[in-house]
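Input: a single structure, listed below in structure tokens.
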Amino acid sequence: MVSLQSLLELQKIDTELLQLAHRVVNLEERAVLTKAKAALATSQKESAIASDQLASTKTEIDALEAANKKCESLMTKYSQQLKTVIAPREAEALQHEIETVRAERSANDDKELLLLETTESLQSKIMRVAEQIAAQIVKVDSATASLNDAINDCDAQKNVLDGRRAAVAGMIDAKMLKLYDIKRNKRATPAVADLHGSKCQSCHLDLSVVELSALKKLGADEMAECPNCDCYLAV
């Protein structure tokens, strides 16, 4: 029976590499950064909406002020005409026009007052959100640095494992190594495992007495395999 201790050591390193790859994808620092970026994006969107609302409000105020200038011009015009008319009916009509324009101007003033209050509220909101954004940018930068540090740490660990793997793989027969890679690429569980007592450490099932006996009878050039999960067994 071929000794598979070197393959078992290689499998342990490959398992560590898989665990490390899983850790890189699921780093807590990555989740923290994602959360910080989401909060920043929400604040930036809130700021953009408030800015758009402020611009729209100012446009409405400008339109009301322009309308009021027109009202002032009409009132001046009608007042001057009122001084020159003699007929009571014409004077009445002009007075009615003046009152209508005055009412329109008064309504515009009321609308503008409300819009000015809205403007102050939006400006305060934009300033408040700007402070939030500044603080959140700091958090994003800090979380980014932490994630980069964690990734660099994982890269350093991977370099060590890659070095160990290369050293171990270099001591294994090329044919055996190829068979291991083929089996490993077809499985989610280890391709090589220990046999503790009668239990395979890959599938965690017990081998029968007959199966254990068959393993002992393998030829010198044969590789032991678990009859349950087909992994190589380092007996």
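No lab work stands behind these numbers, since they all come straight from the coordinates. What you see is a predicted model, and the numbers here were worked out from it, not measured in a lab. Glycine also receives a Cβ, built like all others from the backbone with ideal geometry; neighbour counts cover every protein chain displayed.
Picking from A36, A143, A166, which is most flexible by a Gaussian network model of the chain using Cα springs under 10 Å?
A166
Please give the charge dipole size of the stretch 142-235, origin at the Cα centre, charges +1 on K and R Cβ atoms and -1 on D and E Cβ atoms. Round to the nearest 20 debye.
Values: 12 positive and 13 negative charges, 41 e Å.
It comes to approximately 200 debye.
Could the peptides 74-85, 9-20 be put in order, highest first, of the mean number of other beta-carbon atoms found within 10 Å of their residues?
Values: 74-85: 13.4, 9-20: 17.2.
My ranking of the peptides, most packed first, is 9-20, 74-85.
What is the spin-label model distance, in nm, from E131 to Q81 if the labels are put 7 Å beyond Cα along the C-beta direction?
The answer from the label model is 5.5 nm.
With a ≥ b ≥ c the root eigenvalues of the C-alpha gyration tensor of the stretch 175-234, is it rounded (a/c under 1.5), prolate (a/b larger than b/c) or oblate?
Working: a/c = 2.48, a/b = 1.26, b/c = 1.96.
Oblate.
Given +1 on the Cβ of Lys and Arg, -1 on the Cβ of Asp and Glu, and no further charges, what dipole in debye does the chain carry about its Cα centre, rounded to the nearest 20? All intermediate terms of the calculation are to be shown ahead of the outcome.
Working: 30 positive and 36 negative charges, 137 e Å.
I would put it at about 660 debye.
R23: net charge of surrounding residues, Cβ under 13 Å, Lys/Arg +1, Asp/Glu -1, itself excluded? Show your work: numbers first, answer last.
On the way: positive: R30, K158; negative: E16, E28, E29, D153, D155.
Value of the local net charge: -3.
Pick from I133, I49, I151: which residue has the top mean-square fluctuation in a GNM of the chain where Cα pairs under 10 Å get a spring?
Of I133, I49, I151, the most mobile in the Gaussian network model is I49.
Do you know the relative contact order of the chain, to the nearest whole percent, from alpha carbon pairs under 8 angstrom that are 6+ apart?
Working: 201 pairs, mean separation 83.1, N = 235.
Worked out over the chain, it gives 35 percent.
[x] 74, 39, 37; [y] 89, 48, 27; [z] 133, 33, 28: which one is Cα extents along the principal axes in Å as calculated from this entry?
Only one option fits the structure, namely [z].
Got a sec? Charge dipole of the chain, +1 on Cβ for Lys and Arg, -1 for Asp and Glu; which of C229, L215, L4 is way out at the positive end?
My answer, from the dipole projection, is L215.
Quick one: net charge of S124's neighbours, Cβ under 14 Å, K/R +1, D/E -1?
Numbers: positive: K125, R128; negative: E46, E117, E120, E131.
Net charge around S124: -2.
Calculate for the chain the 222 nm mean residue ellipticity that helices alone would give, adding -39,500 (n - 2.57) per DSSP H run of length 4 or more and normalising by residue count, nearest 500 deg cm²/dmol.
Details: 5 runs with 180 residues, N = 235.
The helix contribution divided over the chain gives -28000 deg cm²/dmol.
For the stretch 175-234, please report how many Lys pairs fall under 23 Å Cα to Cα, leaving out neighbours fewer than 8 apart on the same chain.
11
Which whole-angstrom value gives the distance between the alpha carbon centres of the stretch 17-60 and the stretch 132-171?
22
Of V101, V24, V32, which is the most mobile in a GNM of the chain whose springs link Cα atoms less than 10 angstrom apart?
The residue with the greatest mean-square fluctuation here is V101.
Can you list the trypsin sites (Lys or Arg not before Pro) in the stretch 114-222 that are in a DSSP coil and have 15 or fewer other beta carbons within 10 angstrom?
Working: sites: K125, R128, K139, K158, R164, R165, K175, K178, K183, R184, K186, R187, K199, K216, K217; in loops: K186, R187, K217.
Within the stretch 114-222, the qualifying trypsin sites (Lys or Arg not before Pro) (loop, at most 15 other Cβ atoms within 10 Å) are K186, R187, K217.
With charges only on Cβ, +1 for K and R and -1 for D and E, what is the dipole size of the stretch 115-170 about its Cα centre, in debye, rounded to 20? Could the numbers behind the result be given before it?
Values: 6 positive and 8 negative charges, 60 e Å.
Its charge dipole is roughly 280 debye.
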